[in-house]
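Just so it is clear, none of the values below were taken in a lab; they were calculated from the coordinates. No experiment lies behind these values; they were computed from the predicted model shown. Note that we place each Cβ from the backbone using ideal geometry, even for glycine, and neighbour counts take in every protein chain shown.
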Amino acid sequence: MVTMLSTRERVEMLIAMAEQGKFLEAIQEFYAEDATMQENSQPPRVGLAALLENERRVLASLQEIRVNRADSFLVDGDRSAINWVYLFIDARGREIRRNEMAYQVWQNGKIIRERFFYAADTALI
């Protein structure tokens, strides 16, 4: 018998993978084929392929991610919020500190909708 992991367990797995810098692998594992991802009030990206393409573009624009951790998270049913803390080093060597909140809606063990909230002056590209 196969048992479905709880949303909390899936969120904890996502956090562990992201903290290891496995961003592309995490998107492939935890996002639905038709998932949406939105930065602040920008239009959302739609579909797994678009999410992966954007992540590759962002990662290519950075020299390094020095701090990548989940400061805290909450789970309520199929909704979760993760407080991510980052220190990005861009291609020019500029440090960009970001403290962001990711709000997620899960369905059948996958994220179907995610929206990030962070200070606009910490946008990467």
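Observations on the model:
- Projected label points at ILE112 and LEU5, each 7 Å from Cα along the beta carbon direction, are separated by 2.0 nanometres.
- Relative contact order (%) - criterion: Cα under 8 Å, at least six apart; region: the chain: 24 percent
- Counted charge near ILE89, where neighbours are those whose Cβ lies closer than 14 Å (Asp, Glu -1; Lys, Arg +1): +2
- Note on the chain: Kirkwood radius taken over Cα pairs, Stokes-Einstein applied at 4 °C and 1.567 mPa s, translational D equal to 87 µm² s⁻¹.
- Each Lys or Arg adds one and each Asp or Glu subtracts one; over the other residues with Cβ under 13 Å from the Cβ of THR7, this totals 0.
- Note on LEU24 and ARG79: the model spin-label points, each 7 Å out from Cα along the C-beta direction, lie 3.4 nm apart.
- Remark: spin-label model distance GLU53-ARG66 equals 3.3 nm, labels positioned 7 Å along the Cα→Cβ axis.
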